[in-house]
Every structure is written in C-alpha cells, then in structure tokens.
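Worksheet: one structure, shown below.
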Amino acid sequence: MRKLAIGAALSGALALAGLAAPAASAAGTPDLTFSGVTVNKGKPVVVGAAKAVTVPVSYTLTRPKDLVIDQKNTLQAVILYRGTLRSLDNELGPEKAPVCTTTATTDTTVTESCTETLTAAPDESLYEAADATTWKAAGVYAHSDGSASDDYLHSENDVTMWGNLASVKVKRAAQLTADAAPEPVAKGGTLTVKGKLTRADWSAGRNTGYRDQKVVLQFKADGGAYANVKAITSGTGGALSTTVKATKSGTYRFVFAGTASTAARTSAGDHVTVK
C-alpha cells in the first residue's frame with residue numbers, strides 16, 4: 001500500500017508553491033473557514049482504466065481581511081484524501097491555483113466563492129483497488145518563507161489543514177456488453193443472450209472481468225419500453241449467458257446496478273427480429 005505522510009509531500013495543493021509540508025506551523029493557526037465544499041457536483045467520481053478524469057470542486061472561503069493569499073508565498077486550496085490527515089493513504093490536489101471571487105466583506109473578514117479542478121488519473125493518482133472508496137475533502141493553508149543563494153539556504157514552510165469538510169465516492173468504471181443469437185430467430189425459438197461485465201484495473205491500465213455480480217437482462221419489444229426479464233450472475237472473467245424464448249421482435253440488453261466500488265453500467269441494446 002502506498003502510504004503518504006503530511007511531512008512528505010502534498011503533490012497537488014502544496015506543489016503549486018513548491019512547498020513540502022512540516023508537521024506543525026510555527027506561525028499559529030490562521031483564522032480560515034472552508035464551507036459549502038462540493039466535489040464533482042455531488043456525484044461519484046467514476047474513473048476508467050486509462051483516461052484521466054477532471055473533478056470540479058467548489059467552496060466558500062472566509063478569511064481575515066488582512067490575510068493576503070497570493071498563491072505564491074501563501075496559498076489555500078481544497079484537496080481530497082483517503083486515510084487520515086496525520087497519515088494519508090492517498091491524496092488528490094489541484095495542479096492550478098483556485099479561482100476565487102469576493103462575494104462579501106466586513107470590517108474584519110472577506111468571503112470568497114472559489115472553484116478549482118482536481119485530476120484523477122489511473123496509475124498516476126489512483127494506484128490500487130483500495131482507492132475505490134469514499135474520499136474526504138480537506139482545506140489547506142500554506143505559507144512559505146525563506147532565502148537562498150549559492151552558499152546559503154533557509155526555508156520555512158507552515159501548513160494548516162482542516163479535514164472532513166465533505167466526502168465523495170471514487171468508483172471504478174464498468175463496461176458491459178450484450179449479444180443475442182441467432183438473428184433472426186423463429187417465433188417460439190430459443191435465444192441465447194451473452195455478454196461480459198468488466199471493470200477498470202487502475203494499476204494494470206486495462207479492464208478485467210468482474211465475476212459473481214448480479215446483472216439483469218431486459219427486453220424492449222418494438223414500440224415498447226424496457227422491462228426486466230431475469231437476473232443472472234457473472235461468471236469467470238465476467239462472462240454472462242442466459243437463454244430466453246423468442247416471442248416478439250425487440251431489443252435485449254444487460255443492466256448492472258453497480259457496487260460500492262464500481263459504477264453502474266447498461267450495455268448497448270441488441271435488436272433481434274422474430275419471424
């Protein structure tokens with residue numbers, strides 16, 4: 001298991017300023033409030049085997065009026081993490097600075113509406129099956145100060161994080177196929193409907209079979225609507241196979257409702273003419 005620590009590196013938010021996070025802040029905790037954090041518009045993040053997925057994040061930030069956040073020497077952002085803040089199992093941070101717009105001010109505070117984008121990439125930020133779970137959001141504030149020359153280097157980095165601000169499910173994308181044969185078929189004859197259920201393997205960069213999963217066969221007669229026919233269970237390599245009696249011309253498809261770790265999927269329909 002890939003294990004990160006606060007003192008190692010927060011590759012997203014802190015990388016914006018080239019910061020490495022220490023265990024504690026010497027300057028004290030800044031008076032920041034992250035609220036209304038929404039990740040991916042409240043929907044699960046579904047990631048396939050090879051293509052990176054962008055994840056929008058929005059939130060409200062309230063800060064002291066005299067606190068300057070320039071996203072250079074000081075920065076703020078929201079990251080996603082799995083595990084705890086003390087010992088991160090994995091994390092996702094923005095590659096670009098958040099975009100914030102002032103919405104309200106008082107004598108002492110400024111309130112801003114902020115947006116940013118995270119990237120969930122197979123085998124880069126998602127490494128293992130354990131990453132398909134519920135992630136939490138954390139607000140980050142960091143400050144960097146120091147000087148450097150050819151013969152002298154001094155650097156001070158202060159980081160504060162607020163966890164459990166929101167949550168989002170990260171799921172593996174599924175693929176599902178359906179093929180009914182023979183085509184055409186005589187009325188009253190037997191149709192065999194086959195297919196395959198697979199899901200993303202992020203570390204391998206490909207889809208692999210998903211066995212022992214309930215999949216529903218549906219049928220839609222020409223001019224009608226889909227209705228459930230029967231439920232079957234995927235076998236070795238995610239293989240699906242069942243038989244039905246052909247009574248009307250129409251379209252067959254498989255439907256997978258999804259699991260805690262894998263997103264739902266509906267196959268393309270296969271039309272069969274009954275003669």
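The values are calculated or read from the model by the stated rules, or taken from the named source; none is laboratory data. Note that the structure is a prediction, hence the values are computed from the model and not measured. Neighbour counts are summed over all protein chains in view; Cβ atoms, including those assigned to glycine, are modelled from backbone coordinates with ideal geometry.
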Qualifying residue in the range 140-163 (condition: closer than 30 Å to Ala77 by Cα, assigned by TED's automatic domain parsing to the domain that holds Ile69, part of a loop (DSSP other than H, G, I, E, B) and small (Gly, Ala, Ser)): yes
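Each row is one residue, and each column tells you yes or no for (1) part of a loop (DSSP other than H, G, I, E, B); (2) within 28 Å of Ala174 (Cα to Cα); (3) in contact with a helix residue (DSSP H, G or I) (Cβ under 7 Å, 6 or more places away or on another chain); (4) not assigned by TED's automatic domain parsing to the domain that holds Thr208.
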{"residue": "Gly36", "(1), (2), (3), (4)": "no, no, no, yes"}
{"residue": "Val46", "(1), (2), (3), (4)": "no, yes, no, yes"}
{"residue": "Pro56", "(1), (2), (3), (4)": "no, yes, yes, yes"}
{"residue": "Arg63", "(1), (2), (3), (4)": "no, no, no, yes"}
{"residue": "Ile69", "(1), (2), (3), (4)": "yes, no, no, yes"}
{"residue": "Arg86", "(1), (2), (3), (4)": "yes, no, no, yes"}
{"residue": "Ala104", "(1), (2), (3), (4)": "no, no, no, yes"}
Subset of the range 59-104 [surrounded by fewer than 16 Cβ atoms within 10 Å (Cβ to Cβ), hydroxyl-bearing (Ser, Thr, Tyr) and touching a strand residue (DSSP E or B) at 6+ places or on another chain (Cβ under 8 Å)]: Thr101, Thr102, Thr103
From the options Val110, Val185, residue that is in contact with a strand residue (DSSP E or B) (Cβ under 7 Å, 6 or more places away or on another chain), crowded, with 17+ Cβ neighbours inside 10 Å, touching a residue at least 40 places away in the same chain (Cβ under 8 Å) and outside the structural domain of Gln218 (by TED's automatic domain parsing): Val110
Single residue of the range 59-72 satisfying the filter (at pLDDT 95 or above and not charged (D, E, K, R)) that is farthest from Leu126 (Cα to Cα): Pro64
Which listed residue is assigned by TED's automatic domain parsing to the domain that holds Thr259, more than 18 Å from Asp270 (Cβ to Cβ), over 19 Å from the mean Cα position of the chain (by Cα) and at pLDDT 95 or above, from Gly195, Gly224, Gly209: Gly209
Qualifying positions in the range 247-275 - among the aliphatic types (A, V, I, L, M) and within 13 Å of Leu197 (Cα to Cα): Val255, Ala257, Ala263, Ala264, Ala268
Scope the range 197-227; condition under 24 Å from Tyr252 (Cα atoms) and part of a loop (DSSP other than H, G, I, E, B); matching residues: Tyr210, Arg211, Asp212, Gln213, Asp222, Gly223, Gly224, Ala225, Tyr226
Boolean, Lys169 is part of a strand (DSSP E or B), surrounded by 14 or more Cβ atoms within 10 Å (Cβ to Cβ) and over 14 Å from the mean Cα position of the chain (by Cα): no
Failed condition for Leu75, given (1) part of a loop (DSSP other than H, G, I, E, B); (2) closer than 17 Å to Asp31 by Cα; (3) of a type outside the set (Lys, Arg); (4) at pLDDT below 95: (1)
Of the criteria (1) touching a residue at least 60 places away in the same chain (Cβ under 8 Å); (2) surrounded by fewer than 13 Cβ atoms within 10 Å (Cβ to Cβ), which one Ala225 fails: (1)
